[in-house]
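The values are calculated or read from the model by the stated rules, or taken from the named source; none is laboratory data. Just so we're clear, the structure is a prediction, and the values are computed from it rather than from any experiment. Positions of Cβ are backbone-derived with ideal geometry, glycine not excepted, and every protein chain shown enters the neighbour counts.
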Amino acid sequence: MRYPLLLLILVIMASTASCVPLKDITYLQENENATDSIVSLQQQQPPYRVQVGDILSIRLKALDQQLVEFFNPSGEEGVSLNEGFYYDGFAIDTHGNIRVPELGEINVLGRTTEEIREIIEQRLLADYIKDEADLFVTVKLPGIRYTLVGEIGSSGTQNVLAEKVTILEAIANAGGVPITGDLTDVLIIRQYPGGQRVHHIDLTQIDVMQSPYYYIQPNDIITVNPLPQKAIGIGTTGLQAFTTILGLVTTLASVILLATR
């Protein structure tokens, strides 16, 4: 009798140890001693500085519409918004320049959209438009383009037409992280002028909202790795683990009984 009892105890212990703990799959957990969390969000994020490969949307308004026609897209029917930006936007080449009709090449690498707006505005006012009141320039990135890979609902590249996107919003747009995904160590591969850097954040802690990487940037690659429970194939819940291990132990017990007869 002692052998079946010992096997049962081992099954229970193994299934309990192998299932995914609740704390590893719960977003934004508060401090255990807190009754209400107040998190101060870092709303003033450093402005994004454009990089090689980015596409800029430049729009002009002026009294002389013929002067600004070459900046503004024609709005052809059957062309989506993203396709319009791709064909009519101003791409930053490998030298960090954009080619603008009449103005020629302008180096914009490492500048913010506000700084680029000021450069274009000054060039136009100096050479083409004499009255500052007649000119209105806007420079924007055509949304935030990012890529999600790994243990995620729907991996791939997405583009969100917004000024700011949090990592939680980015993950939600991809269908969220399944129970087999590791929320405690999400990787953000971010582009910098000197190359790529990898940043780690823990989405199970509410303090992540204060992280400088809580808001994603264009060209970010977000990676969610699987939990060890998926890698070893035991199961993500206690019931799954119990069923799997029970089957293995039953098979092993049968082999032992047959061998000892």
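Restricting attention to the stretch 96-108, which residues are assigned to a loop (DSSP other than H, G, I, E, B) and in contact with a Leu (Cβ under 8 Å, 6 or more places away or on another chain)? Gly96, Leu103, Val108, listed by residue number. Restricting the stretch 112-144 to residues that are part of a helix (DSSP H, G or I), at pLDDT 90 or above and of a type in the set (A, V, I, L, M), the residue that is nearest to Leu56 (Cα to Cα) is Ile116.
Taken together, the residues in the stretch 23-56 that are in a strand (DSSP E or B) and modelled with pLDDT of 90 or more amount to 2. With respect to Asp207, determine if the residue is exposed (fewer than 14 other Cβ atoms within 10 Å of the Cβ) and of a type outside the set (Gly, Ala, Ser). The answer is no for Asp207.
Among the residues of the stretch 78-88, is any of a type in the set (Val, Ile, Thr) and modelled with pLDDT of 70 or more? No, every residue in the stretch 78-88 fails to be of a type in the set (Val, Ile, Thr) and modelled with pLDDT of 70 or more. Yes or no: Ile171 in contact (Cβ under 8 Å) with a residue 24 or more places away in the chain, more than 23 Å from Thr113 (Cβ to Cβ), surrounded by 14 or more Cβ atoms within 10 Å (Cβ to Cβ) and touching a helix residue (DSSP H, G or I) at 6+ places or on another chain (Cβ under 7 Å)? Here the answer is no, as Ile171 does not meet what is asked.
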